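Q: Pasting a structure below so you can have a look.
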Ligand SMILES: NC(=O)c1ccc[n+]([C@@H]2O[C@H](COP(=O)([O-])OP(=O)(O)OC[C@H]3O[C@@H](n4cnc5c(N)ncnc54)[C@H](OP(=O)(O)O)[C@@H]3O)[C@@H](O)[C@H]2O)c1
């Protein structure tokens with residue numbers, strides 16, 4: 001691989017914010033963020049189809065489809081192995097794929113799926129890719145303002161924010177939520193009403209742990225704002241387009257973020273269209 005070739009992966013790339021990230025990268029080659037040279041861009045989705053290349057594609061981008069399901073660990077390992085074999089490593093990983101059952105009463109299977117996709121599956125992708133990420137490589141996890149800790153009781157906030165928290169302890173904490181939700185007393189125990197909130201808080205905590213434990217990489221999470229996609233549209237008329245929702249993740253993947261790692265980025269409100277700043281979560 002030529003030293004100026006960069007390799008990037010975006011999950012959930014077939015629609016919504018993921019597709020908008022791909023469209024922007026295909027159009028610009030990342031040159032608007034100072035990237036030069038070739039960009040090999042993997043648009044990962046459950047189908048593995050290659051998205052149609054827009055007419056105005058940058059000649060420096062090679063767009064490829066890749067099959068990846070967050071609930072199929074083998075598909076994750078296969079993609080990592082293929083990228084390692086062909087390119088030696090990866091420079092950018094955008095974990096965009098996610099699900100939201102936008103209601104309080106969901107089945108046990110839907111609760112498990114939400115945690116499996118948004119937290120466990122995304123964490124698995126990070127852990128599989130980290131060994132092949134080049135030094136200075138970036139990982140961006142799409143989280144949500146729903147994961148902010150003001151939705152959680154103080155005793156849970158303290159545990160999520162423990163600077164020494166390990167991934168095992170985080171798993172245990174998420175397990176406690178699952179047990180309480182199964183018994184129907186999660187809210188009485190200080191958890192938010194919707195599983196999505198816990199899944200994204202767990203993702204924020206995992207992001208911080210991975211960043212702490214892998215200082216050679218820049219690993220951050222963000223809320224893209226309230227975006228008009230299949231997921232965002234469940235809550236009403238979302239004020240942002242997918243292209244606007246792509247701004248914060250693109251900045252975290254390619255822009256000048258001053259070497260910051262392990263933080264949560266967002267705008268001051270979910271309707272704002274800026275490219276985000278570090279915020280407490
Ligand atoms: N839209 C918003 O207002 C908003 C706000 C805050 C955070 N976010 C976050 O932004 C991210 C993107 O959301 P979006 O609004 O673009 O949603 P979307 O349009 O519903 O797209 C979700 C994407 O995730 C993929 N996906 C779902 N389950 C998967 C699995 N098991 N394995 C692999 N891919 C899977 C979907 O693929 P399929 O087509 O195969 O289902 C799709 O590509 C999510 O992480 C979401 O939580 C969105």
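Every number in this text was worked out from the coordinates using simple rules, so none of it is lab data. Treat the numbers as computed from the prediction; the structure is a model and nothing was measured. All Cβ positions, glycine included, derive from the backbone under ideal geometry; neighbour counts span all protein chains shown.
Q: Over the Cα atoms, compute the radius of gyration (one decimal) and Dmax (the largest Cα-Cα distance, rounded to a whole number) for segment 172-211, in Å.
A: 10.7, 34
Q: Continuing with the same structure: Work out, in µm²/s and without decimals, the Stokes-Einstein translational diffusion coefficient of segment 1-83 at 25 °C, 0.890 mPa s, Rh from Kirkwood over C-alpha pairs.
A: 189 µm²/s
Q: Principal axis extents for segment 226-281, Cα atoms only, whole Å, descending order, please.
A: Answer, in whole Å and largest first: 36, 22, 16 Å.
Q: May I pose another question? Below 8 Å, C-alpha to C-alpha, sequence gap of six or more: please give me the relative contact order for the chain in percent.
A: Value for the chain: 18 percent.
Q: So what's the angle, to the nearest 10 degrees on a 0 to 90 scale, between helix 167-183 and the longest Cα principal axis of the chain?
A: 50 degrees
Q: Once every Cα of the chain carries one equal point scatterer and solvent is ignored, give the base-10 log of I(q)/I(0) from the Debye formula at q = 0.17 Å⁻¹, two decimals.
A: Log10 of I(q)/I(0), two decimals: -1.45.
Q: In whole Å and largest first, what semi-axes does the C-alpha gyration tensor of segment 68-164 yield when each eigenvalue is scaled by 5 and square-rooted?
A: Three semi-axes, in Å: 29, 18, 10.
Q: Could you work out Rg/(2.2 N^0.38 Å) for segment 165-254, with Rg from alpha carbons only?
A: Scaled against compact globular proteins, the figure is 1.31.
Q: Applying a 10 Å radius around every beta-carbon, put 9-20, 203-214 in order of their mean neighbour count, most first.
A: For the peptides 9-20, 203-214, the packing ranking is 9-20, 203-214.
Q: Quick one: helix 16-28 against the long Cα principal axis of the chain, what's the angle to the nearest 10°, folded into 0 to 90?
A: The angle comes out at about 20 degrees.
Q: Quick one: angle between helix 73-87 and the longest Cα principal axis of the chain, in degrees between 0 and 90, rounded to 10, please.
A: 30 degrees
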